[in-house]
Amino acid sequence: MLQIKDLHVSVGDKAILKGINLEIKPGEIHAIMGPNGSGKSTLSHILSGKSGYTVTGGSVTYQGKDLLDMAPEIRAREGVFLAFQYPVEIPGVSNIYLLKAALNSIRKHQGQSEVDAMDFLTLVKDKVRLLEMDEKFLYRAVNEGFSGGEKKRNEILQMAILEPKLCIMDETDSGLDIDALKIVSEGVNSLRSADRSFVMVTHYQRLLDYIKPDFVHVLAHGQIVKSGGAELALELEEKGYSWVEVDQAAA
Amino acid sequence: MSASAQEINNLISQDYKQGFVTELETDTFPPGLDEAVIHRLSKIKNEPEFMLEYRLKAFRHWQTMKSPEWAFVNFEPIDYQAISYYSAPKRKEDGPKSLDEIDPQILEAYKKLGIPLDEQERLAGVAVDAVFDSVSVATTFKGKLKDAGVIFCPISEALREHPDLIKQYLGSVVPHTDNYFAALNAAVFTDGSFVYIPKGVRCPMELSTYFRINAANTGQFERTLIIADEGSHVSYLEGCTAPMRDENQLHAAVVELVAMKDAVIKYSTVQNWYPGDKNGLGGIYNFVTKRADCRGENSKVSWTQVETGSAITWKYPSCVLTGDNSTGEFYSVALTNNYQQADTGTKMIHIGKNTSSTIISKGISAGRAQNTYRGLVKVLKSAENARNYTQCDSLLVGDKCGAHTFPYIEVKQPSAQVEHEATTSKISEDQLFFCQQRGLSAEDAVSMIVNGFCKEVFRELPMEFAVEAQALLGLSLEGSVG
Ligand SMILES: Nc1ncnc2c1ncn2[C@@H]1O[C@H](COP(=O)(O)OP(=O)(O)OP(=O)(O)O)[C@@H](O)[C@H]1O
Ligand SMILES: [Mg+2]
């Protein structure tokens with residue numbers, strides 16, 4: 001699904017990612033952990049096509065194609081979805097309007113007709129129920145006046161409706177209360193399938209208790225300094241990042 | 001790559017879909033303006049004597065005036081002797097016209113603009129007066145309106161057939177001495193619509209006028225007068241387009257509204273005159289005086305405008321709130337792209353007791369455009385308990401454009417409550433990226449964000465036109481992002 005090879009990225013003349021290697025197969029869940037400022041969001045942004053970064057080396061292949069060569073909206077239509085760490089507000093544009101426009105642009109790209117109004121409403125209400133949201137959120141302006149947790153849940157609602165192939169979740173758990181974390185996790189689990197992969201950026205084991213990753217990677221100073229199975233996260237929780245960073249320095 | 005600030009500024013082109021020219025034989029005056037031209041104009045329109053006198057008085061006054069310079073717009077002085085003051089498609093003979101007498105090419109032109117005039121196809125529930133250059137070429141549903149007692153006809157026809165109403169009301173809201181362009185208009189106006197709604201009548205359909213400039217080197221001097229008698233109710237809409245030409249053309253209009261006791265007038269404008277090309281060449285100068293007099297108690301006038309066209313827009317639809325408990329509203333979306341300039345806003349003059357006014361203005365600038373809101377809220381000593389609420393929001397697309405706000409407030413009555421809120425925002429790269437990440441192109445994203453920004457105003461438009469206005473905004477923004 002996704003191959004990242006020796007990826008180097010900088011902002012201005014500041015190097016942020018310094019040789020990332022990562023391979024993600026269909027159906028896999030990869031958790032990415034690491035200290036603040038280590039480059040996790042940068043990696044999410046680079047994969048989804050945000051401007052302002054310079055790729056100084058390496059490559060990213062998505063479903064056999066050069067991902068870095070695609071416009072951000074093309075990546076989205078090809079199935080790359082980013083649940084933002086800080087979702088933006090769009091005053092005056094209702095959630096449901098955005099969802100419909102987004103879904104139709106993706107369907108059009110895939111050669112499908114526009115979604116039927118009734119089918120769309122059924123789909124959306126279904127997912128709203130899945131995430132235990134109030135239907136009122138559909139008619140409110142995108143994220144305007146939403147609480148931090150509501151914004152995060154709204155991101156996952158969009159993900160559930162757009163059904164992407166590669167789901168990148170940047171700290172979706174931060175800001176969610178205990179109950180919400182459980183509900184959102186169950187929502188994500190229901191999306192798991194053999195041809196859908198997940199990249200979950202998180203700081204906390206708690207999320208991984210609900211959504212069990214196949215792999216855990218530690219990103220520090222722009223590099224993946226350690227990779228392992230689900231148990232690595234538990235070890236990190238216990239020992240902190242200094243343990244792997246020191247480990248890396250010793251290696 | 002997504003739309004970075006650089007790219008937003010780069011690709012600026014515009015697609016104007018109404019820019020075609022209709023080839024016709026016309027009766028056109030040679031360029032130039034003097035008293036002889038006014039005599040000729042009045043004669044060709046078969047006007048009563050009092051009208052000629054009114055025009056000449058206005059012309060003499062205009063000659064003593066100077067073109068205003070206070071607005072935040074820039075243009076070369078206009079050579080009024082280089083303009084032709086009358087151009088009309090040739091007709092076999094004068095007199096009342098039916099649809100089959102109209103040149104099929106004109107019918108075709110309106111059809112292309114989405115305004116079919118023939119009996120079978122015309123817009124359901126909307127009566128249309130079609131003004132082509134200096135004359136009205138057709139008015140639909142006249143019979144049905146007549147049954148309701150409503151007069152809806154070209155103003156040139158009203159001059160002949162309802163001279164008493166004209167005498168009583170024309171110039172009573174915007175006097176010929178009001179300002180430079182109003183004086184010019186009073187001297188040389190050619191056509192426009194006349195509406196009279198009798199006492200207690202709720203107009204059975206939307207009324208609308210579609211202004212089309214076709215001829216080159218002419219000015220269009222539109223004059224519209226709407227009178228809503230006691231307890232009556234009317235909703236009126238105007239639309240405007242013009243061909244793409246490299247020369248600037250002048251459209252100097254005067255619109256007067258009179259609302260008597262308990263009457264309601266809703267006046268909506270979708271203005272899409274040719275804005276000029278992406279380098280600022282050509283386009284319409286839209287210099288307009290629009291004013292409503294809420295003469296009676298409990299009367300209400302609501303102006304809603306969506307201004308996307310014109311090289312320069314200079315207009316301030318206003319309400320004089322004379323009657324006690326009368327209400328004035330102004331809802332505006334003004335979008336400027338490329339080198340367009342708009343200086344627009346409103347005046348709310350509170351005279352009667354308990355009068356209230358609401359102003360919602362949304363200005364959008366893209367490209368290198370300048371967009372100015374200029375508004376006056378004036379509360380006279382007599383206006384006890386007057387209230388005003390003003391909200392004035394500007395949205396910038398890119399970083400080469402400008403937004404300016406000049407709110408003037410004069411309050412002479414201590415019990416008045418005047419509130420003013422203003423915001424300026426930019427479409428952020430984060431918003432654009434978010435929308436793109438959901439699969440929308442940058443252009444669709446901008447159009448969606450701008451439409452969201454204008455929502456409070458679109459809500460005020462009659463349904464059919466709200467849809468048109470949204471589509472128009474999308475079109476006018478074409479090329480504003482990369
Ligand atoms: N536009 C920018 N200009 C300058 N520095 C930047 C820019 N964007 C990111 N950085 C820097 O790059 C580094 C990585 O940032 P990033 O947001 O990817 O970290 P993160 O791992 O997501 O951190 P957190 O856990 O706090 O979310 C930080 O030091 C940040 O300050
Ligand atoms: Mg981050």
Worksheet item: With each run of n ≥ 4 DSSP H residues scored as -39500 (n - 2.57), what mean residue ellipticity at 222 nm is computed for chain A after dividing by its residue count and rounding to the nearest 500 deg cm²/dmol?
Response: -12000 deg cm²/dmol
Practice prompt. With viscosity set to 1.567 mPa s and temperature to 4 °C, compute the Stokes-Einstein D of the stretch A:2-250, Rh being the Kirkwood radius across alpha carbon pairs; µm²/s, no decimals.
Written response: 69
Worksheet item: Ranked highest first by the average count of other Cβ atoms within 10 Å around their residues, in what order do A:25-34, A:220-229 fall?
Response: A:25-34, A:220-229
Worksheet item: How many partner chain Cβ atoms sit within 10 Å of a residue's Cβ in peptide A:50-57, on average, as a whole number?
Response: 3
Response to the item:
Descending accessible area (1.4 Å probe), largest on the left, turns B:Thr358, B:Thr424, B:Thr241 into B:Thr424, B:Thr358, B:Thr241
Fill in: Estimated vicinal HN-Hα couplings, Hz - the stretch A:166-183 in sequence order (Karplus 6.51, -1.76, 1.60; Gly, Pro = x)
10, 9, 9, 10, 9, 6, 4, 6, 5, x, 8, 6, 4, 5, 4, 4, 5, 5
Worksheet item: Quick one: which of A:Lys125/A:Lys165; B:Lys57/B:Lys378; A:Lys14/A:Lys239; A:Lys125/A:Lys152 span more than 28 angstrom between C-alpha atoms?
Response: B:Lys57/B:Lys378; A:Lys14/A:Lys239
Discussion item. Averaged over its residues, how many other protein chain Cβ atoms are within 10 Å of peptide B:406-419's Cβ atoms?
Written reply: 0
Worksheet, complete the sentence: Flagged as over-length at 24 Å C-alpha distance, from B:Lys45/B:Lys112; B:Lys66/B:Lys290; B:Lys112/B:Lys266; B:Lys167/B:Lys199; B:Lys90/B:Lys111, the pairs are B:Lys45/B:Lys112; B:Lys112/B:Lys266
Worksheet entry | Sequence-separation-based contact order of chain A, relative, with Cα cut under 8 Å and 6+ spacing, percent | 27
Worksheet item: Using 7 Å Cα-to-Cβ label points, what is the A:Thr122/B:Lys17 separation (nm, one decimal)?
Response: 3.3
Worksheet item: How much length is gained on full extension from B:Ser67 to B:Ala82, taking 0.36 nm per residue of separation minus their Cα-Cα distance?
Response: 3.8 nm
Item to complete: Determine the share of the stretch A:2-250's accessible area contributed by carbon and sulfur atoms, expressed in whole percent, with a 1.4 angstrom probe.
Response: 49
Response to the item:
Computed for A with B: buried accessible area summed over both chains, 1.4 Å probe, rounded to 100 Å², at 2200
Item to complete: Write down the accessible area per residue of chain B in Å², having rolled a 1.4 Å probe over the full set of protein chains.
Response: 37
Worksheet entry | Of all DSSP beta bridges in chain A, antiparallel share, percent nearest 5 | 60
Practice prompt. Please work out whether the stretch B:318-417 counts as rounded, prolate or oblate from its C-alpha gyration tensor, where a ≥ b ≥ c are the square roots of the eigenvalues and a/c under 1.5 means rounded, while otherwise a/b larger than b/c means prolate and anything else oblate?
Written response: prolate
Practice prompt. Output the relative contact order of chain B, whole-number percent, from Cα pairs under 8 angstrom with separation of 6+ residues.
Written response: 13
Fill in: Three-way shape call for the protein assembly as shown based on the alpha-carbon gyration tensor, with the a/c threshold at 1.5
prolate
Worksheet item: Within the stretch B:357-392, whose backbone N sits under 13 Å from a point 7 Å along Cα→Cβ of B:Gln417?
Response: B:357, B:385-390
Response to the item:
Rounded to the nearest 500, the 222 nm mean residue ellipticity computed for chain B from DSSP H runs (n ≥ 4, each -39500 (n - 2.57)) alone is -6500 deg cm²/dmol
Item to complete: Go through B:39-52, B:216-229, B:335-348 and give me the packing order, highest mean Cβ count within 10 Å leading.
Response: B:335-348, B:216-229, B:39-52
Practice prompt. Determine the shielding of peptide B:150-162 by partner chains: average, over its residues, the number of Cβ atoms on other chains within 10 angstrom of each Cβ.
Written response: 0
Worksheet item: Relative contact order (percent) for the stretch A:1-92, with alpha-carbon contacts under 8 angstrom and 6 or more residues of separation?
Response: 32
Worksheet item: Ordered by packing density, taken as the mean number of other Cβ atoms within 10 Å over each peptide's residues, highest first, how do B:25-35, B:392-402 rank?
Response: B:392-402, B:25-35
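The values are calculated or read from the model by the stated rules, or taken from the named source; none is laboratory data. A quick note: this is a predicted structure, and the numbers were derived from the prediction, not measured. Here the Cβ is made from the backbone with ideal geometry for all residues, glycine too, and neighbour counts use every protein chain on show. Accessible surface areas use protein heavy atoms only, side chains included; no ligands, DNA or RNA. Shrake-Rupley method; radii C 1.70, N 1.55, O 1.52, S 1.80 Å.
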